[in-house]
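The values are calculated or read from the model by the stated rules, or taken from the named source; none is laboratory data. Quantities reported herein were computed from a predicted structural model and do not represent experimental measurements. Here the Cβ positions follow ideal geometry from the backbone for every residue, glycine too, while neighbour counts run over all protein chains shown. Calculation scope for accessible area: heavy atoms of the full protein, side chains included, ligands and nucleic acids excluded. Shrake-Rupley method; radii C 1.70, N 1.55, O 1.52, S 1.80 Å.
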Amino acid sequence: MTFTKTTEQSSKYEHLEKMSVQELLSNINQEDKTVPLAVEKALLQIETLVNQIVAKMKLGGRLFYIGAGTSGRLGVVDASECPPTFGVPFDLVNGIIAGGDKAIRRAVENAEDDANQAWIDLQEHNVTENDVVVGIAASGTTPYVIGGLKACNKKNIITGSISCNAESPLSKTAKFPIDVVVGPEFVTGSSRMKAGTAQKLVLNMISTATMIQLGKVKGNKMVDMQLSNSKLVDRGVKMIMGEILVSYEEAAKLLAEYGSVRKAVDHYSGQ
């Protein structure tokens, strides 16, 4: 099968500069509506990768995302949201971006073109066979990401990928690839749009499903979330009220004493 970068093909919309704001927004929205359908077609691939991640984490392993540009930033975002949402250690899910943390805010010239740097970056975290490394690249051709996965494959580290082009070099490199083919962007080649949205949706699925499988959610509640601001404390108090039928004041006392919704509920239920 011939590899075609559909993410780079010309937009089906012409003369964007002549459109009104209403037309621009409506057409972008029409394109965005196609993204969940593209993700749906990849559900089996996503499930397969999640099962691999859960199995490794149950053995003490970690999850690493590697990417460049928008893809790298999305990986960093997903990783950084796991500790406050699920109460897990900060090094359980890790986002690594080509060019280092400074590339989160500003593009680092040629960072994505170094095929050897990702493995160097991963080694700083002492990556092992217990871990899973997922490469993220809309194009499926980023040297930084492909090189990182090739090095992991040689070390018998499980590799996954998220790409928005079918049969990409990245997908062929990863042991457990995910292909979400969203087609040409509204602005030709601007893969931060539909492709970025697709990657974000898949990352949400991977981290959320994994954490639920690891017991970090009870019912439908984030019982292990970090109580890092007043909004989350209030949410935690109300979770406790719903679980053990106590007043707001009593629930607040329990939460303050035990530091988490889970511990407060477990203590009260065990009395």
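Annotations
- Helices (runs of 4 or more DSSP H) completely within the range 32-90 that count 1 or more residues being without any contact (Cβ under 8 Å) to a residue 12 or more places away in the chain, open to solvent by 10 Å² or more (accessible area, probe 1.4 Å) and out of contact with any His (no Cβ under 9 Å at 6 or more places or on another chain): 35-40, 43-58
- Failed item in (1) in contact (Cβ under 8 Å) with a residue 60 or more places away in the chain; (2) within 11 Å of Ile66 (Cβ to Cβ); (3) buried (at least 17 other Cβ atoms within 10 Å of the Cβ), with His125 passing the rest: (3)
- Any hit, the range 143-163, residues being in a loop (DSSP other than H, G, I, E, B), at pLDDT 95 or above and under 27 Å from Met193 (Cα atoms): no
- Answer residue from the range 142-173, given it is of a type in the set (Gly, Ala, Ser) and touching a residue at least 40 places away in the same chain (Cβ under 8 Å) and is surrounded by the most Cβ atoms within 10 Å (Cβ to Cβ) among those: Gly148
- For the range 184-199, a residue qualifies if it is open to solvent by 60 Å² or more (accessible area, probe 1.4 Å) and of a type in the set (D, E, K, R), and exactly one does: Arg192.
- In the range 209-220, the residues that are surrounded by fewer than 19 Cβ atoms within 10 Å (Cβ to Cβ) and either among the charged types (D, E, K, R) or part of a helix (DSSP H, G or I) (or both): Ala209, Ile212, Gln213, Lys218
Yes/no matrix, rows are residues, columns are (1) closer than 30 Å to Cys152 by Cα; (2) more than 20 Å from the chain's Cα centre (by Cα):
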site	(1), (2)
Gly183	yes, yes
Gly189	yes, yes
Arg192	yes, no
Lys200	yes, no
Asn204	yes, no
Gly219	no, yes
Ser228	no, yes
Ile244	no, yes
Val261	no, yes
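- Restricting attention to the range 70-109, the residues that are touching a strand residue (DSSP E or B) at 6+ places or on another chain (Cβ under 8 Å) and over 21 Å from Asp224 (Cβ atoms) total 11.
- So Val108, is it touching a Lys or Arg at 6+ places or on another chain (Cβ under 9 Å), open to solvent by 10 Å² or more (accessible area, probe 1.4 Å) and modelled with pLDDT under 95: yes
- All positions within the range 222-265 that are open to solvent by 80 Å² or more (accessible area, probe 1.4 Å), outside any loop (DSSP other than H, G, I, E, B) and either farther than 27 Å from Leu59 by Cα or at pLDDT below 90 (or both): Ser230, Lys231, Arg235, Lys238, Glu243, Tyr248, Glu249, Lys253, Ala256, Glu257
- Restricted to the range 91-114, and to residues there that are of a type in the set (A, V, I, L, M) and in a loop (DSSP other than H, G, I, E, B), the residue that is nearest to Met205 (Cα to Cα) is Leu92.
- Taking the conditions (1) of a type in the set (A, V, I, L, M, F, W, C); (2) under 27 Å from Asn94 (Cβ atoms); (3) free of Cβ contacts under 8 Å to residues at least 60 places away in the same chain; (4) touching a helix residue (DSSP H, G or I) at 6+ places or on another chain (Cβ under 7 Å) in turn, Met241 satisfies each one other than (2).
- A residue that is of a type in the set (Gly, Ala, Ser) and under 30 Å from Asn27 (Cβ atoms) occurs nowhere in the range 202-224.
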